[in-house]
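One structure below.
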Amino acid sequence: MQFVEANGARIPAVGLGTMTLKDALCVDVVATALKVGYRHLDTAERYGNEAEVGQGLAASGVKREDVFVTTKVYWDRLAPGDFERSLDESLKKLKLSNLDLLLIHWPSPKVPLKDSIGALCKAKRAGLTKHIGVANFTVPMIGEAVQLASEPLVTNQIEVHPYLDQTKVLAACRQHGLSVTAYCPLARGKVPADAALIRIGKAHGKTASQVVLRFLVQQGLIVIPRTSNRDRLAENLAIFDFKLTDAEMAEIAALKRPDGRVVNPPHAPKWDE
Ligand SMILES: NC(=O)c1ccc[n+]([C@@H]2O[C@H](COP(=O)([O-])OP(=O)(O)OC[C@H]3O[C@@H](n4cnc5c(N)ncnc54)[C@H](OP(=O)(O)O)[C@@H]3O)[C@@H](O)[C@H]2O)c1
């Protein structure tokens, strides 16, 4: 496993996305992922599966301190008081005394950043999380959040895959020392079927999914692909034994297109600011 270092955090470059994983399947996938070598789990209060993620972690036999656990506070729970309740519930469901990373899941159109970033920093100072960060933050929001934060922000978790141009946000994160965690790295299943990516993969004895995860990690990003399939768990981790050429990196980057985004935001952020 490779790690990405950012503002004091050391984050495993591949994590397991858990959105939509529920009940016994979620427990089983999380436990299996840890058994096959994952050391990073991504959940959220909004996913409604923190209890199952915690059960999977406990059942895996892997030590708690060896796993990097992230959860998030959703945009409708960022107001003073709500934030603290959301975090408290998350820790109870996960059966953990602290997190490795706590994120603001989406910026709120109503709660000022001063309040939500303040609550995030307070949670870190209270020892409830080792690190803090944000998700779905635009370029101006990143600048504002960094100004307001009394504790370092270590990541911005955003949609990144070959079909979406995130150059400006990536540059802003780099400028402030934040890592970027790429969500929907497989564009929710579009990547595995892409003919150009399959062709590039064949040259390396790899699948299209492995090519894209490698493409992202090779740029210094963290990836959190989700799968409910045992074989694919191992497949998505086996990306550290090959390297893409500069020409292949350029060809994959050229797949970006204006309608490439796969996630519908819960409200309307101005992505292009
Ligand atoms: N911060 C945010 O706002 C935000 C938003 C969205 C997502 N996320 C996080 O990012 C994670 C990943 O995003 P995502 O789950 O939306 O999408 P994703 O990881 O891009 O794609 C998941 C889909 O790809 C399939 N898949 C996975 N590995 C595969 C492989 N090797 N070959 C073929 N198909 C494969 C899975 O199907 P099978 O299960 O059948 O393998 C699933 O349908 C989420 O689970 C969540 O933790 C965060």
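Is there a residue in the stretch 220-235 that is assigned to a loop (DSSP other than H, G, I, E, B), farther than 29 Å from LEU25 by Cα, touching a Leu at 6+ places or on another chain (Cβ under 9 Å) and among the polar types (S, T, N, Q)?
No, the stretch 220-235 contains no residue that is assigned to a loop (DSSP other than H, G, I, E, B), farther than 29 Å from LEU25 by Cα, touching a Leu at 6+ places or on another chain (Cβ under 9 Å) and among the polar types (S, T, N, Q).
Please indicate, with yes or no, whether at least one residue in the stretch 150-168 is of a type in the set (D, E, K, R), surrounded by fewer than 22 Cβ atoms within 10 Å (Cβ to Cβ) and in contact with a strand residue (DSSP E or B) (Cβ under 9 Å, 6 or more places away or on another chain).
yes
Between a first residue in the stretch 250-269 that is among the basic types (Lys, Arg) and a second residue that is at pLDDT 95 or above, which pairs have beta carbons less than 7 Å apart while being 6 or more apart in sequence or on different chains?
Close Cβ pairs (under 7 Å, with a partner that is at pLDDT 95 or above) amount to LYS256/PRO162; LYS256/TYR163; LYS256/LEU164; LYS256/ASP165; ARG257/TYR163; ARG261/GLU159; ARG261/LEU164.
Quick one: would you say GLY143 is assigned to a loop (DSSP other than H, G, I, E, B), out of contact with any strand residue (DSSP E or B) (no Cβ under 9 Å at 6 or more places or on another chain) and either more than 10 Å from the ligand (Cβ to nearest atom) or not small (Gly, Ala, Ser) (or both)?
In short, no.
Restricting to the stretch 158-173, and then to whatever is under 16 Å from the mean Cα position of the chain (by Cα) and without any contact (Cβ under 8 Å) to a residue 60 or more places away in the chain, can you tell me which residue is farthest from the ligand (Cβ to nearest atom)?
The selected residue is LEU170.
Within the stretch 108-131, does at least one residue satisfy the condition of being free of Cβ contacts under 8 Å to residues at least 40 places away in the same chain, crowded, with 16+ Cβ neighbours inside 10 Å and within 13 Å of the ligand (Cβ to nearest atom)?
The answer is no; no qualifying residue exists.
Among the listed residues ALA247, ALA187, ALA182, ALA208, which satisfies the condition of being aliphatic (A, V, I, L, M), loosely packed, with under 13 Cβ neighbours inside 10 Å and either free of Cβ contacts under 8 Å to residues at least 24 places away in the same chain or within 16 Å of the ligand (Cβ to nearest atom) (or both)?
Checking each option against the conditions leaves just ALA247.
Please enumerate the residues belonging to the stretch 6-23 that are touching a residue at least 12 places away in the same chain (Cβ under 8 Å) and more than 9 Å from the ligand (Cβ to nearest atom).
Selection gives ALA6, ASN7, GLY8, ALA9, ILE11, PRO12, ALA13, VAL14, LYS22, ASP23.
For the stretch 24-42, which residues satisfy the criterion of being within 14 Å of the ligand (Cβ to nearest atom), touching a strand residue (DSSP E or B) at 6+ places or on another chain (Cβ under 8 Å) and part of a loop (DSSP other than H, G, I, E, B)?
The one that is within 14 Å of the ligand (Cβ to nearest atom), touching a strand residue (DSSP E or B) at 6+ places or on another chain (Cβ under 8 Å) and part of a loop (DSSP other than H, G, I, E, B): TYR38.
For the stretch 49-69, state whether one or more residues are within 15 Å of the ligand (Cβ to nearest atom), in contact (Cβ under 8 Å) with a residue 60 or more places away in the chain and surrounded by 15 or more Cβ atoms within 10 Å (Cβ to Cβ).
no
For the stretch 11-24, which positions are surrounded by fewer than 21 Cβ atoms within 10 Å (Cβ to Cβ) and over 14 Å from the mean Cα position of the chain (by Cα)?
Listed by number, the residues that qualify are THR20, LYS22, ASP23, ALA24.
Just checking, does the stretch 25-48 include any residue being farther than 30 Å from LEU78 by Cα, surrounded by fewer than 23 Cβ atoms within 10 Å (Cβ to Cβ) and of a type in the set (Lys, Arg)?
Yes, there is a match, as at least one residue in the stretch 25-48 is farther than 30 Å from LEU78 by Cα, surrounded by fewer than 23 Cβ atoms within 10 Å (Cβ to Cβ) and of a type in the set (Lys, Arg).
Filter the stretch 108-128 down to the residues that are at pLDDT 95 or above, within 27 Å of HIS267 (Cα to Cα) and not hydrophobic (A, V, I, L, M, F, W, C), then identify the one that is nearest to the chain's Cα centre (by Cα).
Only one residue tops the list, namely SER116.
The values are calculated or read from the model by the stated rules, or taken from the named source; none is laboratory data. The structure displayed is predicted, hence computed values, not measured ones. With ideal geometry, Cβ positions are generated from the backbone for all residues, glycine too; neighbour counts draw on all protein chains shown.
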